[in-house]
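Everything below concerns the one structure shown next.
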Ligand SMILES: [Zn+2]
Ligand SMILES: [Zn+2]
């Protein structure tokens with residue numbers, strides 16, 4: 001079991017009942033990490049080297065662009081573009097073999113593919129999230145009050161369900177894992193039943209025979225809610 005330092009924020013997130021509690025934690029993590037990127041990280045040479053190396057995914061570059069500190073972003077881009085330039089200097093067939101440890105013969109094709117799959121922010125967020133999942137398994141194992149908190153959630157989205165179950169399977173005894181498994185799949189099944197009915201109601205509203213029939217709020221919001229669930 002990894003450190004249990006995240007039990008307080010996890011409990012706080014599970015005290016609320018508004019969408020996926022882990023998505024709210026993810027959003028907070030993302031905000032903290034992106035502020036760090038354009039703030040304190042700029043002062044740490046080792047971190048800047050990592051940022052240059054990994055770059056950012058499209059989504060995080062777009063979010064960084066929407067933030068205030070344009071100078072910090074420009075400085076990051078200045079060094080990152082220089083690194084990309086170096087990758088382009090690799091000889092065809094990767095004869096220099098300087099960069100990738102995994103593939104000594106990687107040339108610019110492989111190296112740019114590796115770069116476009118990596119993101120400094122995603123990596124940091126993911127590593128904290130994995131510890132959240134472990135801490136959730138710990139709370140399930142040790143705190144009966146947490147059982148009620150989890151069971152009363154409206155749903156837990158697809159990717160966060162996967163992460164929690166993966167940690168639970170790895171870290172819990174079989175009976176505890178089974179109870180966690182049943183709790184999460186039950187609440188998600190119940191949510192899906194209503195969600196699917198709302199999506200169907202939305203599709204049916206396009207039928208000319210239903211012209212003029214008012215759409216319920218739940219049906220109107222069903223596409224957005226489905227996308228949030230499928231996160
Ligand atoms: Zn989620
Ligand atoms: Zn990212």
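All of the numbers you see were taken from the coordinates with simple rules; none came from a lab. Small disclaimer: the values here were computed from a predicted structure and weren't measured. We place every Cβ from the backbone using ideal geometry, glycine too, and count neighbours over all the protein chains shown.
Observations on the model:
- The number of residues in region 108-149 that are out of contact with any helix residue (DSSP H, G or I) (no Cβ under 6 Å at 6 or more places or on another chain), crowded, with 16+ Cβ neighbours inside 10 Å and under 20 Å from residue 174 (Cα atoms) comes to 1.
- Taken as a whole, region 156-168 holds at least one residue that is within 16 Å of ligand 1 (Cβ to nearest atom) and outside any helix (DSSP H, G or I).
- On inspection, residue 131 qualifies as closer than 30 Å to residue 76 by Cα and either in a helix (DSSP H, G or I) or within 16 Å of ligand 1 (Cβ to nearest atom) (or both).
- Residue within region 173-185 that is touching a helix residue (DSSP H, G or I) at 6+ places or on another chain (Cβ under 7 Å), within 30 Å of residue 34 (Cβ to Cβ), part of a helix (DSSP H, G or I) and more than 16 Å from ligand 2 (Cβ to nearest atom) present: yes
- Output for region 12-22, where each listed residue is on the phi < 0 side of the Ramachandran plot, crowded, with 16+ Cβ neighbours inside 10 Å and touching a residue at least 40 places away in the same chain (Cβ under 8 Å): 14, 20, 21, 22
- Region 54-71, subset away from ligand 2 (no atom under 14 Å from the Cβ) and in a helix (DSSP H, G or I), residue nearest to residue 82 (Cα to Cα): 71
- Yes/no for residue 41 being outside any loop (DSSP other than H, G, I, E, B) and out of contact with any helix residue (DSSP H, G or I) (no Cβ under 7 Å at 6 or more places or on another chain): no
- Residue match in region 27-34 (condition: within 18 Å of residue 163 (Cβ to Cβ) and not in a helix (DSSP H, G or I)): no
- Criterion: without any contact (Cβ under 8 Å) to a residue 24 or more places away in the chain and away from ligand 1 (no atom under 16 Å from the Cβ) - qualifying residue of 171, 193: 193
- Exclusive hit being more than 16 Å from ligand 1 (Cβ to nearest atom), free of Cβ contacts under 8 Å to residues at least 60 places away in the same chain, farther than 22 Å from residue 159 by Cα and within 20 Å of the chain's Cα centre (by Cα), set 67, 51, 43: 67
- For region 196-216, the tally of residues that are free of Cβ contacts under 8 Å to residues at least 12 places away in the same chain and assigned to a loop (DSSP other than H, G, I, E, B) stands at 6.
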